[in-house]
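J.: One structure, pasted below without further comment.
We did not get these values from a lab; they are worked out from the coordinates using the rules stated. The shown structure was predicted, so the numbers you read here are calculated from the model rather than taken from an experiment. Using ideal geometry, Cβ is built from the backbone for each residue, glycine included, and neighbour counts are taken over all protein chains shown.
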Amino acid sequence: MIEYLVFAAAFGLLLLGLHRKVIARVQLRPGPPVWQEILHALKFSFKSTWVPKTASATLYVGVVLIGIGIWSAALFVVLAGESILILFAIYMLHKIVEHGFGLSSGSPYGKFGGVRSVISAASEIPLFVTIAAIYFFTDSLLLRDIVAYQAVHGPLLLIAPPAAIAMYIVILSKLPYGPFSIVESKELVSGYKTEHFGVWRAGISVIDGTKTFVLLFAFVAIFIGAMPFWAALVIMTIVLVSLSFVCAVTPMLSPFDSVTVQGIVTLLMVGYAAVLWWVMP
Amino acid sequence: MPDIGGDPLFVLEFGDILHYYTPYTITLFLLALIFTGLAIASRPERQIDIAFGGDAYYAKETTVSEMRFRRFMAIACGLATLGAMGSGDLFNFTLFVSLVGIANIGIVAAVKNRHVLDAAYEYGIVAMVATLPLFGGAALVVATTGTLAIPALAAGGFAVPLVAKAFLALGVIGEGMAPFYAAKAEMFRAPGAPYVIMCSLSSLLIFLRVVEIVITI
């Protein structure tokens, strides 16, 4: 069990390092080495660690453990082929974890990051419409059933491309340095992460790595289907590089523009789901 | 029994009223339990604020009486959320959801600040109005199918009107509006953790549960 978690966190961090590298190269900068995020996680693990005097101490520490816990659970949900509803519930609950990070420290920077995570909840709504669209085709939300459906009918990427695009945008909204990364933008120092340092920041790195791995792995399983593990890793990397290109050429939106764009995506997806509901037997 | 959240793990019967847990609802239940525990165990943050017109800043203190009331409301909110996660009866679900709304008003309204009270008042109006579609949705379901048991409705054979599902979802969205009021500029004046987080968590969890119910029935 633990080897899965370590691999997912390490590979996810490697993908995040690659993300930074691709963005830098597109912007004609050398960029950091691809293993930089892994080095960050290791470095923070050995730096001095304490709790700010103004923090709500139990929550400040507890929320790091909850973040690691929910994404570990998400990883096993995906590997066991369980209901994607659980996976997406965890994705949404991550919002509460971000909120908890931001509010627990007493810092205004963290608080603004936490509050932005609440208003960016608009990004989660396309996710549920995506789920509804998938359900219209597969009649099940168990990942193993969805994979089995694709083995017979072909990838959902081709059958329901709007749903795949919506989930692609959802993953984009969770990546750093992207158009929707308002929760940790630079005018807020590091947003909700600002006051978590030392081992707590290493914990956040583990959360980010596992989250990136799980979301990309789920995307591949839901929209492409069963394949050898190495092939899934290759496709995950390709999807991530494409996301990095989008991040590299797109400025970060203001919080209200970010919500507006995600709201428009939601409306389009609701329209698509309504059409499916109308035409599907 | 609904299976979109995985195979049922546990069913608790109270006569003809059921409580059931699937991997999906047990995940939500455990999260609500953990955060309720955190609300009990945590002391509030001491929010840092800037004094206008200079470089000074200060840490706000939460009085003991305010902390006790907000903690009580946060625990009540957590318990109502726990109930809503496992309920297999549509009417009980709507009751728990409206309790979540009331507790959320209490969490926000306990802060003795005019701006915060304004935000709480506005949210209170929305939450109260939202009870109409919420209970209306449940009433429509029972009027058209003769049952409120979610497992019975999920088993098929009933034509639940789309408008009833829409009313249920609309009611939950109204009750779950608290985080948006908690995110208003006025609320930056109030220390938030760990109590405001219960507003966000409970709102999110009831939303996640109603999605399962609406897809299932």
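J.: Could you list A:E82, B:E61, B:E66 in order of exposure, starting from the residue whose Cβ has the fewest other Cβ atoms within 10 Å?
T.: B:E61, B:E66, A:E82
J.: While we're looking at this one, here's another question. Report, in whole Å, the centroid distance computed from the Cα atoms of the range A:238-259 and the range A:1-62.
T.: 20
J.: Would you mind counting up the charge near B:G124? Only other residues with Cβ under 12 Å from its Cβ, with Lys and Arg at +1 and Asp and Glu at -1.
T.: -3
J.: To two decimal places, what compactness ratio does the range A:2-279 give when its Cα radius of gyration is scaled by 2.2 N^0.38 Å?
T.: 0.99
J.: Alpha carbon centre of the range A:115-159 versus the range B:3-79: separation in Å?
T.: Comparing the Cα centres of the range A:115-159 and the range B:3-79, I get a distance of 29 Å.
J.: Still on this structure: For the range B:1-139, what relative contact order do you get, as a whole percent, if you take Cα pairs closer than 8 Å and at least 6 residues apart?
T.: Working: 152 pairs, mean separation 27.4, N = 139.
Reported relative contact order: 20 percent.
J.: While we're looking at this one, here's another question. Quick check for the protein assembly as shown: number of Lys pairs with alpha-carbon distance under 15 Å, counting only pairs 8 or more apart or on different chains?
T.: Lysine pairs meeting the criterion: 12.
J.: Compute the orientation-averaged projected area for the range B:10-216 from the convex hull of its Cα atoms and round it to one decimal in nm².
T.: 12.3
J.: Taking other Cβ within 10 Å of each residue's Cβ, how do A:H94, B:H115 sort, fewest first?
T.: Details: A:H94 21, B:H115 15.
By the 10 Å Cβ count, ascending: B:H115, A:H94.
J.: Next up: From the C-alpha gyration tensor of the range A:211-260, pull out the three semi-axes of the equivalent ellipsoid (sqrt of 5λ each), sorted largest to smallest, in whole Å.
T.: Calculated on Cα positions only, the semi-axes equal 27, 12, 8 Å.
J.: So what's the projected area for the protein assembly as shown, the Cα convex hull averaged over all directions, in nm²?
T.: Numbers: hull surface 94.1 nm².
Mean shadow area of the hull around the Cα atoms is 23.5 nm².
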